[in-house]
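Let me begin by presenting the structure, written as C-alpha cells, before commenting on it.
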Amino acid sequence: MAPGTARKTGLILLLLTVVIGLACPKSHAKDRPWFFPDHFKSQYAGNMGLVSVGLGYSHFDDKLHLDVFYGYVPTFVGGVETHTVTTKIAVFPINYIIKPGHKLSPLTFGWNLSVIIGEDYFFKPPDRYPENYYWATNFKIMPYIGARAHRDLSNRIPFSGLDFYVEIGTVDLYLHDFLHSKFVGIWDILNFSFGFGVNF
C-alpha cells in the first residue's frame, strides 16, 4: 500500500469510526445525558503511549466500544517525548456468561487510529523528500485482536462493572514491511498490551 493510499484509508476509517459512534444506539443508562461517557479505561503499551487513558461509549448491548485515548511516552523511554491522541474501536462479537456477574469475551478485534505529537513526526513529509516516498510518521492505523473479562459490581458503589483486557496488534507500516521484506519477521511487527476499564 502506497503512503498516499494509506493516508486515504486512515481518513476513511476515522470517518467510519465517527459515523458508527454517532449512529449506533448507546448502551448507557437512560438516566444519564447522552453525551456522558459509559466507561473510563487505562492501557499500557499498544503503540498508544507507554500509558494511555481514555473515555468512551458502549453500543449494541456492550458489543461495541468507541473510545478516545490520550497517551504519553517520556523521553527516558522513547528517546523523544511524545503525546498521542487515539480513536479506538473495539468489537466484542462473542460473550460467554461464566457465572452470574462474570462475562468473558474470548475474541475481540478492532483498530486504533492514532495521531502522534512530537519531534520528528509529520503528516506530510518535508519538501526535501520525494512525494509519496515516506509514510506519514504521526498518523498510524493499528489493527488488533484480543480478549476481555468483565465483572459486574454492586449497585451500592458508583461503578457498575470492571473490565480487564489484553491485545495483540500491529501498525500499518510494520505490516507493510512484513509483507514486502524478507528481513522482517512476524515477531518484529507485533505488540502486546493490556488495560483496565471501569464502567459507570
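Roughly speaking, what is the stretch gain from V68 to I186, that is 0.36 nm per residue apart minus the C-alpha to C-alpha distance, in nm to one decimal?
Working: separation 118, 0.36 × 118 = 42.48 nm, distance 2.82 nm.
Full extension of this stretch gives 39.7 nm more.
Across segment 76-88, computed HN-Hα scalar couplings (Karplus, 6.51 cos²θ - 1.76 cosθ + 1.60, θ = phi - 60°) run 5, 9, x, x, 9, 5, 9, 10, 10, 10, 10, 9, 10 Hz from first to last residue, x flagging Gly and Pro. The HN-Hα couplings worked out from phi for segment 158-171 by the Karplus form 6.51 cos²θ - 1.76 cosθ + 1.60 (θ = phi - 60°) are x, 10, 9, x, 10, 10, 10, 9, 10, 9, 10, x, 8, 10 Hz, whole numbers, x standing for Gly and Pro.
Shown for H180, H59: other C-beta atoms within 10 Å of each C-beta, ranked fewest to most, produce the order H180, H59.
Each peptide among 46-55, 73-82, 105-114 gets the average number of other Cβ atoms lying within 10 Å of its residues, and from highest to lowest they stand as 46-55, 105-114, 73-82.
Read-outs: derived from the displayed coordinates by stated rules, not from any lab. Note that the structure is a prediction, hence the values are computed from the model and not measured. Glycine also receives a Cβ, built like all others from the backbone with ideal geometry; neighbour counts cover every protein chain displayed.
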